[in-house]
Structures are given as C-alpha cells and as structure tokens.
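Taken together, the values in this text are just the output of simple stated rules run on the coordinates, not laboratory data. Computed from a predicted structure; not experimentally measured. Please note: Cβ atoms are built from the backbone with ideal geometry, for glycine as well, and neighbour counts cover all protein chains shown.
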C-alpha cells in the first residue's frame, strides 16, 4: 500500500544525489539488527506521534546517537542532549543542523556515542526494566 510513497521518496533522494547514502533495506531479521545498528552513524526518528519508540534506544544500545522529535520517551533517552538531540517537529532546518553538528564534530560524536551506550545499558537495560516491573509488583503486594 505504501509502495508509491516509497518510490517517490527514492526518486527524490536519487535526484539529490543521495541514493548511495540513504538505503531502504526493508524488514531486517532480528538477529541481523545489532550489526546493522552498529554500522549507522546516527538514528533519525522524526514522528509526530510515538507511544514509546524503540529505534533510538536500539541505536543507543549499539553506541549510536540519535536525532528525534520530542515524542514518546525520546527526551528521556536523550539524557538532556548527551545521548541524542531533540529537534522541533516539522522543522527540517533544525534537524539538518542537529545532524550536521553531530556528524561534523568528532569529539561531540564520540561523547554522544559513549553516553548513548552507557544510558542504554544502565538506565534502559532489560535488567533495569525487570527491576522496575518488580518494584511495581512489590508495592502492590505490600499495599494489600
């Protein structure tokens, strides 16, 4: 159903001379996803609505910083700009500026990449999630 949209988008990307830099890999098998993520320079996620949003977090787990709109938990993931940059919705200039700053400032990139990995493994790890769920259940049981 979305094939015409994708074809138009690919034509626009090609017309700008970016066809070798913007890829449309389709669905990626779960076991291949970590290697793909580690090969990225940044994750860019610009939704107008997002309930939670896993793509930036998946990138962070691989040491990849992100640029995203202020949706879902992206602001929490960003660590006040340490692991990712939050940009205004529907603002391509702000997105370009944030991404350019990230990719063209090697020291900033390295620090954000390390912060992204650290945040993913400490604050957003599966163990942290399990501990949080356990705390909710413990509080519920104690209130009975």
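Scanning the range 89-126 for residues that are surrounded by fewer than 13 Cβ atoms within 10 Å (Cβ to Cβ) and either in contact with a strand residue (DSSP E or B) (Cβ under 9 Å, 6 or more places away or on another chain) or in a helix (DSSP H, G or I) (or both) yields a total of 11. Restricting the search to strands (runs of 3 or more DSSP E) fully inside the range 1-87 and requiring at least 3 residues that are surrounded by 16 or more Cβ atoms within 10 Å (Cβ to Cβ) and touching a helix residue (DSSP H, G or I) at 6+ places or on another chain (Cβ under 6 Å) gives 66-69, 84-87.
Listed here are the residues, each with its yes/no results for (1) free of Cβ contacts under 8 Å to residues at least 60 places away in the same chain; (2) more than 14 Å from the chain's Cα centre (by Cα); (3) within 15 Å of residue 99 (Cβ to Cβ).
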position: 20; (1), (2), (3): yes, yes, no
position: 26; (1), (2), (3): yes, yes, no
position: 34; (1), (2), (3): yes, no, no
position: 38; (1), (2), (3): yes, no, no
position: 43; (1), (2), (3): yes, no, yes
position: 52; (1), (2), (3): yes, no, no
position: 60; (1), (2), (3): no, no, no
position: 68; (1), (2), (3): yes, no, yes
